[in-house]
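Everything on this sheet refers to the single structure shown next.
The values are calculated or read from the model by the stated rules, or taken from the named source; none is laboratory data. Being a predicted model, the structure only gives us computed values, none of them experimental. Cβ: placed from backbone, ideal geometry, glycine included. Neighbour counts: every protein chain shown. Side chains included, ligands, DNA and RNA excluded: accessible areas come from the protein's heavy atoms. Shrake-Rupley method; radii C 1.70, N 1.55, O 1.52, S 1.80 Å.
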Amino acid sequence: MDLRIEELSTSNLRGLRDLRLAPGQERFVAPVLESIAEAYVTPTAWPRAIVGDGEVVGFVMANWDPDSELEAFRAGIWRLNVDEKAQGRGVGRFAVNEVAAEARRRGISRITVLWERGEGGPEAFYLACGFVPTGEELFGEVVGALEVG
C-alpha cells in the first residue's frame, strides 16, 4: 500500500468521517469527528489524514505543547484510528513513524502515547512500535514513551 499523510481538507474529510474501527475497538479511542473538533479548539494539536492508494485509511492526531504541565502531553500521539479494512497493513506503524519524523523536525527527541489496557486494545501494537511504559498512569491509562531522536 502506498501511504502518505495529509493535512485535513475538504477532499479527505468525507473519508475521515467514514472510517470504521474493528468491532470492540471503539472503547479504546475517540471517534475521528470528535478528535477533529478537539483539534479545532486546541492550537497545539496536529491532526492528519492517512491516505493509502488514494483512499483515507486512517487518522492520527499528535500534540506539540512544550509548555504543558503534564510531561506526557508535551509531544506525542493523542489519537490513532485505522480503518478496519486497512488494519494489519502497516498503516498504524506508518502513522507512528510520521509523528516521530515530525518530532525530529521540531527538535524533539521523545514522544509519548497513552493507552488503555484490555482485550483488543492497542497495547501490543504500541509495544511493537517500540514504546516503553514509563511506569506512570494518567486517567487510568498507561503512559508509553518512544525515543525518536
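Residues in the stretch 1-38 that are surrounded by fewer than 17 Cβ atoms within 10 Å (Cβ to Cβ), modelled with pLDDT of 95 or more and of a type in the set (S, T, N, Q): S9, T10, S11.
Results for (1) assigned to a loop (DSSP other than H, G, I, E, B); (2) among the hydrophobic types (A, V, I, L, M, F, W, C), shown as yes or no for each residue.
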{"position": "L13", "(1), (2)": "no, yes"}
{"position": "L16", "(1), (2)": "no, yes"}
{"position": "A39", "(1), (2)": "no, yes"}
{"position": "P47", "(1), (2)": "no, no"}
{"position": "V56", "(1), (2)": "no, yes"}
{"position": "D67", "(1), (2)": "yes, no"}
{"position": "A72", "(1), (2)": "no, yes"}
{"position": "G88", "(1), (2)": "yes, no"}
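Just the residues that are of a type outside the set (A, V, I, L, M), touching a Gly at 6+ places or on another chain (Cβ under 9 Å) and part of a loop (DSSP other than H, G, I, E, B), please, taken from the stretch 18-37.
Restricting attention to the stretch 18-37, the residues satisfying the condition of being of a type outside the set (A, V, I, L, M) are 18, 20, 23-28, 31, 34-35.
Add one more test, that the residue is touching a Gly at 6+ places or on another chain (Cβ under 9 Å), and what stays is 23-25, 27-28.
If the condition is that a residue be of a type outside the set (A, V, I, L, M), touching a Gly at 6+ places or on another chain (Cβ under 9 Å) and part of a loop (DSSP other than H, G, I, E, B), then P23, G24 are the ones that fit.
Close Cβ contacts (under 8 Å, 6 or more residues apart or on different chains) running from residues in the stretch 27-53 that are in contact (Cβ under 8 Å) with a residue 40 or more places away in the chain and on the phi > 0 side of the Ramachandran plot to residues that are not in a helix (DSSP H, G or I) and not polar (S, T, N, Q) comprise D53/M1; D53/D2. If you go through the stretch 90-103 and pick out every residue that is assigned to a helix (DSSP H, G or I), of a type in the set (G, A, S) and out of contact with any Pro (no Cβ under 9 Å at 6 or more places or on another chain), you end up with 4.
For the condition touching a Ser or Thr at 6+ places or on another chain (Cβ under 9 Å) and at pLDDT 95 or above, A75 qualifies.
Evaluation of F139 against the conditions (1) surrounded by 14 or more Cβ atoms within 10 Å (Cβ to Cβ); (2) more than 23 Å from V57 (Cα to Cα) shows that the sole unmet condition is (1). Considering (1) surrounded by 18 or more Cβ atoms within 10 Å (Cβ to Cβ); (2) closer than 28 Å to E136 by Cβ; (3) not hydrophobic (A, V, I, L, M, F, W, C), the lone condition that D83 does not fulfil carries the number (2). Within the stretch 44-53, the set of residues being open to solvent by less than 60 Å² (accessible area, probe 1.4 Å) and either under 18 Å from W78 (Cα atoms) or not aliphatic (A, V, I, L, M) (or both) comprises T44, A45, W46, P47, R48, A49, I50, G52.
Can you go through G130, G118, G76 and tell me which one is without any contact (Cβ under 8 Å) to a residue 24 or more places away in the chain, farther than 21 Å from D18 by Cα and open to solvent by less than 70 Å² (accessible area, probe 1.4 Å)? Reasoning before the result, please.
On the way: G118 fails: without any contact (Cβ under 8 Å) to a residue 24 or more places away in the chain; G76 fails: without any contact (Cβ under 8 Å) to a residue 24 or more places away in the chain.
Going through G130, G118, G76 in turn, just one is without any contact (Cβ under 8 Å) to a residue 24 or more places away in the chain, farther than 21 Å from D18 by Cα and open to solvent by less than 70 Å² (accessible area, probe 1.4 Å): G130.
So if I check each of V99, V57, V41, V91, which one is more than 26 Å from P133 (Cα to Cα) and surrounded by 15 or more Cβ atoms within 10 Å (Cβ to Cβ)?
None of the others qualify; the one that does is V57.
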